[in-house]
Amino acid sequence: MAKYFCGLCGNKLGLMENYSWLDDDTILCYECTCFNKKVLVSMNAEDSFKAILEEFKERFPEHEHARFIEHWHDIYDEKQNDSLSAEEKEQRRKQREEERKQQEEQRQQYEYNLKIENLTKMGLDGYYEYKVISLLDESGFFKKKSGSVDTTAMTETLNQLGIEGWHLVTAYSNELGKNAMSGGVGGAMLGTNSTVDENILIFERFVRINR
Ligand SMILES: [Zn+2]
């Protein structure tokens, strides 16, 4: 028990603490248990429910929100559901979807900022980003019907990647046996005993960070 941490505020739980479970995976410290109760009570009025979610967002860092807000919204919706028309349910669903999208963007932004912060701490002025292209990708992007590589299309793509700052660092061939081919990689039609080379290209680009 001693090693449990509160899933909401992240604090370590005291040995004698009155904790509770938010769901199967999340334990709450006493303070957050009280807050959770407050949220549940607030659900009796839409305004107070919204207000307490705002309070929650202010109390805890952005990236921790989504899961809890979703959890509370689920309970709230469950409570409301009987009294809602189909139209209102649909509207609510769209609203939730929009909120989730925003939260995801905020989370990505947060993670990006964190990455930049760490790089800055290490005294680095950027990082390498990688991209892997397979010449036998599902779309058969660089393959002609004959199975040969479409060099024109490939040149075009390489040039486009160059403009975007990507630089080819290495390329290698991977021989795929018939097992790998039975899934019909790249739409290639091959006999049961054939093998095919999958050409892998690895690109990198340096992303400079602004300080
Ligand atoms: Zn807590």
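The values are calculated or read from the model by the stated rules, or taken from the named source; none is laboratory data. Predicted model, so just to flag it, every value in this text is computed and none were measured. Reconstructed Cβ throughout: ideal geometry from the backbone, glycine too, with neighbour counts over all protein chains shown.
The lone criterion from (1) in the same structural domain as Glu99 (by TED's automatic domain parsing); (2) within 16 Å of the ligand (Cβ to nearest atom); (3) touching a residue at least 24 places away in the same chain (Cβ under 8 Å) left unmet by Glu70 is number (2).
Screening Asp25, Asp77 for residues that are in the same structural domain as Glu111 (by TED's automatic domain parsing) and more than 16 Å from the ligand (Cβ to nearest atom) leaves exactly one candidate, Asp77.
Flag set for Glu138, criterion: modelled with pLDDT under 85, acidic (Asp, Glu) and assigned to a loop (DSSP other than H, G, I, E, B).
For Phe203, state whether it is outside the structural domain of Lys57 (by TED's automatic domain parsing) and modelled with pLDDT of 90 or more. Answer is yes for this residue.
Residues being in the same structural domain as Gln80 (by TED's automatic domain parsing), free of Cβ contacts under 8 Å to residues at least 24 places away in the same chain, more than 30 Å from the chain's Cα centre (by Cα) and within 12 Å of the ligand (Cβ to nearest atom) are represented in the stretch 32-44 by at least one member.
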